[in-house]
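Peer 1: The structure follows.
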Amino acid sequence: MFKYAIKNTALAAAFLAVSAGGLQAATNEFLNGSFETGDYTGWQLDEYSPNVSDFGTWGIVQNNQQVNYGEQLFDYFDQVFLPAFSPSLPKTFSTPDGNYMAVQFQLSGQTHRLYQDVTLSQRAKKLSFDMEYASFSDFGDDQKVAVHIRDLNDNILETLFVTVEGASPYATPMINYAFDITAYRGQTIRVDIELVCYRFFFDLALDNFKIEKSAVPPGWDKGLKNGWVGDIPPGLETLPEGFSFGKKEGWGDEYNPQ
Ligand SMILES: [Ca+2]
């Protein structure tokens, strides 16, 4: 437990340098994947073990917003204002996409989750998001950030990202992550971020969640689609050169009417 821990410890100072950067914007199957409503619309939040209202803050910050040590931030899970006491503060945040992003601060040890159920089309290709974190101790099962794909019963199907004890950097700047999710095409999955924090402070910032899709082939809107299932043939990334101009070699008679 580390409630109201001392500011500016030597350990904390070593990991203060957390810059921001990043880019992008595009189509999105997430609802409010970039938090541009200025809140957690579309997302599910949780904080537990223990279930105490003043231990964790799922907050929202704006671009160029400075958060000072001890400043009150609104916790969208417990619907209360709580002071932020991370050794990283004061800090000025820079959003990689739009004007808002999600942040997590803690006052004491707890597990925190942010997740959304997303139905993937047959064109779903990659899950991408921007994440910045700073842990003020090494990692372990009791101090980690992980990104999981779960089923709708909350079982973990795949862990896409997890910090590793003795291997992962304690802190990273804002980085864009992208993971192949083609195995889940046509399914509804739960995209879940888990922040387990029981050793010492662990700042987290998240933004710009989106599902990148395979491109629609040139001429698809003019072409013959008889026999296709979904909005693009499963597993297909591109169609052969010339397909949009009527050259359908190798595609069978249904695409080459006599
Ligand atoms: Ca945003």
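Just so you know, all these numbers are worked out from the coordinates, no wet-lab data involved. Only a predicted model underlies this, so the values are computations on that prediction, with no experimental measurement involved. Here the Cβ positions follow ideal geometry from the backbone for every residue, glycine too, while neighbour counts run over all protein chains shown.
Peer 1: Can you tell me the Rg and the Dmax, both Å, for the Cα atoms in region 124-201?
Peer 2: 13.5, 40
Peer 1: Average projected area of the Cα convex hull of region 10-213, in nm²?
Peer 2: Values: hull surface 41.3 nm².
Result: a mean projected hull area of 10.3 nm².
Peer 1: Related question: Restricted to Cα positions, what overall size does region 42-97 have along the principal axes? Three whole-Å values, descending.
Peer 2: 31, 27, 16
Peer 1: OK, next. Cβ under 10 Å from Thr95's Cβ, Thr95 left aside: what net charge do those residues give with Lys, Arg +1 and Asp, Glu -1? Write out the running numbers ahead of the final one.
Peer 2: Numbers: positive: none; negative: Glu36, Asp97, Asp130, Asp207.
With Lys, Arg at +1 and Asp, Glu at -1, the neighbours total -4.
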